1. So how much slack lies between residue 478 and residue 666, counting 0.36 nm per residue of separation and subtracting their Cα-Cα distance, in nm?
2. Could you work out the relative contact order of the chain? I mean the mean sequence separation of Cα pairs under 8 Å and 6+ apart, divided by the number of residues, in percent.
3. Subtracting the Cα-Cα distance from 0.36 nm times the residue separation, let me have the gained length for residue 153 to residue 283 in nm, one decimal.
4. Once R0 is set to 22 Å, what does the formula 1/(1 + (r/R0)^6) return for the Cβ-Cβ distance between residue 133 and residue 217, expressed as a FRET efficiency to the nearest 0.05?
5. At a threshold of 8 angstrom on Cα-Cα distance, excluding pairs fewer than six apart, so keeping six or more, what relative contact order does segment 403-537 reach in percent?
6. So what is the accessible area of segment 537-652 per residue, in Å², with the probe set to 1.4 Å?
7. Quick one: length gained pulling residue 301 to residue 630 fully straight, 0.36 nm per residue minus the C-alpha distance?
8. Only Cα pairs under 8 Å and at least 6 apart count here; give the relative contact order of segment 472-543 as a rounded whole percent.
Amino acid sequence: MAAATGGFAGKVLRVDLSTGKISTQDTVEKYGDMLGGTGMGYRVLWDEVPAGTGPFDPANKLVFATGVLAGTGVPCNGRTAVTTIFPTVWPKALVGSGHMGGQFAAKLKYAGYDGIIIEGRADRPVWLFIRNSRVEIRDASRLWGSGIRRATLEISQEMGADCAVAAIGQAGEKLAPMAIVANSVSHSAGGVGGVMGSKNLKAIGVQGSGAVHIAGDKSEWEKLVKFHLSILGANNQHVVPSFPTPQSEYYNPGSRWVGEPGKRWGAAEPPIEITGNIYDLNRIAFRTNSAAFFLGDNAWKHTVRGNGCTACPIRCHTIVKVPSVAAKYGIKEMGQNTCTGLLFGRSFFKKLPGGLKGQTALEACMVGMHLADDLGLWCNYGQLQRDLMKLYHDGLLKTKIGSDEYASIPWDKYEAGDPDFLFDIIPRIAERKGELGHVLSLGTGGIFSKWGVPEESWTKDHASLYWKMGHPKHHANEDDGQCGVIINTQYNRDSQCHSHCNFVRNGLPLAVQKKLAEDIWGSADAVDAAGNYTPMNAAKARRARWSLVRKELHDSLGLCNWMGPWVASPLKERGYSGDDSLESKFYSLATGRKTDRAELDLIGERIFTLHRALTIRDMGRADMRAAHDLVPEWVYHDKGDTPPFTKGTIRMEQADIARAMDLFYEVMGWDKALGAPTMESYARLGLADVGKGLQAAKLTPGSTGGSTGGTPGSKG
């Protein structure tokens with residue numbers, strides 16, 4: 001790809017911590033055809049990290065990459081992908097990425113870089129100082145052993161208030177696979193903190209005074225940004241409110257658009273009452289209150305405001321003020337986060353005084369947020385808490401850890417739903433104390449490997465929400481039937497895909513969704529109502545493919561897949577349609593390269609397929625259908641034995657899921673028997689070199705003749 005004139009910062013920073021060498025590469029020349037983000041990360045791993053490399057080996061690389069739209073005026077552009085050999089993949093570490101919002105991506109672009117490739121291992125604790133072209137590896141001895149917040153504060157005092165700091169806590173320093181790297185207080189990338197710790201890298205501080213150049217017509221750019229704002233809904237692109245109002249034709253109680261006129265941000269000074277037109281583009285942030293959505297009406301009186309990432313008007317990280325936790329637990333009365341990060345503490349408990357939306361639940365959330373976001377512990381989309389719950393209530397813990405260690409844990413507080421229990425269990429796991437702390441810090445796979453617990457104990461238990469390879473489901477059949485199942489088979493960790501569920505959960509009536517589906521995927525049959533599923537069809541396979549491609553596009557453009565795609569809207573005058581070509585329009589204007597929707601989707605498919613190729617290479621086998629694309633047993637069962645395709649059950653039918661995989665592989669152009677890309681697919685996507693490498697190792701359809709083959713570039 002020839003040099004682009006806009007969007008990209010232009011350089012990728014490469015830092016070898018073993019030698020201290022710091023260099024740069026031209027972004028567009030080397031990675032332009034992968035856009036950035038996960039695309040850049042996958043390419044670095046394919047080109048430079050041999051198969052068989054362990055997550056904590058110095059040969060493993062850690063790629064912090066933004067995207068071509070990060071740091072621009074596009075709404076929801078604050079994403080950074082952190083790609084590496086992912087340590088919680090079980091039974092063998094494979095490619096994976098963590099994703100964080102906040103301000104880090106924009107600051108990196110303003111400093112002149114689209115990404116950072118971290119190599120080697122420092123011989124002492126260090127942190128990376130980046131101020132425009134000035135890049136230094138600095139001593140971090142004084143910071144080692146401290147939490148993320150102290151490290152962030154001290155680096156910020158050294159660099160200046162306008163920097164962004166991505167740091168690890170004690171969990172990362174101790175090489176816990178379940179560690180995060182976090183920036184901007186609460187924005188974290190899970191599972192990659194231990195890799196950063198293995199390189200003795202405590203933090204990256206970045207400060208930039210540049211700007212991102214937009215190549216296209218500025219008035220067209222501004223017009224497109226305003227249009228994008230007009231089709232935004234609330235958190236997760238829910239496009240109708242959760243409450244009835246004369247202003248809206250529809251409402252849906254399940255919507256995350258909870259900002260009803262009359263509600264108050266009660267802890268703001270002075271308190272703010274939501275008033276006026278709910279569609280006012282200057283008041284989009286009032287629509288979302290994650291604390292109120294997850295914790296109920298009680299959270300409104302504790303709400304200070306919404307917080308969020310660069311250029312995002314949604315503000316899904318709700319700041320809450322809970323004075324009682326300062327007196328009871330000695331922690332700060334203010335906290336912020338969203339979704340599983342917000343619920344980190346509450347999720348440990350099966351029951352709490354006052355229920356799961358009471359004051360104790362809110363206090364448990366506050367304790368959990370402060371501890372986890374400072375120690376740098378990941379929840380694996382809530383699997384950590386469900387694992388502990390299952391181990392305890394099934395009686396396994398007593399048989400797996402010594403009696404002294406068992407007795408040292410305050411189970412009476414756990415049983416009572418006392419948030420004080422969290423001051424024992426969270427540091428125990430983050431700092432890898434004792435047998436329990438060590439095993440849980442490994443992720444769910446550690447329970448299987450270290451304690452000999454059969455994986456099927458988890459895959460047969462619907463309550464565990466466990467899917468495969470050490471990770472849970474992420475918006476699977478409970479939200480989107482066969483599409484959700486297909487998507488959850490494709491990654492080495494939880495899928496982190498929201499393209500599909502943001503559509504089916506947008507709150508619009510099914511008839512409206514079906515009309516939009518007909519326009520986008522060629523058939524109204526592409527979508528069912530959640531929990532009222534019909535048998536698999538080709539249109540659903542097309543929608544599953546579209547969902548995965550858009551996820552990788554967002555992760556590589558620097559856009560938020562938690563908020564997009566934007567194919568539905570709150571606009572009645574548009575028939576509630578959004579714009580399926582929005583990403584390509586922004587890409588064209590930013591770079592000056594006219595690229596239509598199909599052309600940009602092809603790049604997304606290229607990125608997704610490279611992830612598949614890396615998985616095949618590092619597993620050393622091509623039979624992905626049998627060895628990788630697994631579905632847990634619980635998906636095929638229903639407590640009441642209600643048959644599949646009956647309203648009210650999310651139970652799937654095995655033959656139908658087999659057909660779903662057939663249709664999905666077919667729309668991807670993959671071999672149906674193996675679930676592997678063909679040589680023609682690699683060539684069509686500009687990945688001929690990748691295909692040839694796998695073919696030489698007998699890891700492509702036709703070359704393998706079955707299930708296994710060699711491993712290109714493998715160690716030993």
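The values are calculated or read from the model by the stated rules, or taken from the named source; none is laboratory data. Owing to the predicted nature of the structure, the values given are computational and were not obtained by experimental measurement. Cβ placement follows ideal geometry from the backbone for every residue including glycine, while neighbour counts extend to all protein chains displayed. To get the accessible areas, we keep the full protein, side chains included, count just its heavy atoms, and leave off ligands, DNA and RNA. Shrake-Rupley method; radii C 1.70, N 1.55, O 1.52, S 1.80 Å.
1. Gain on stretching residue 478 to residue 666: 65.2 nm.
2. After rounding, I find 15 percent.
3. Going from the current span to full extension adds 43.7 nm.
4. My answer for the efficiency is 0.15.
5. 12
6. 32
7. 114.0 nm
8. 30
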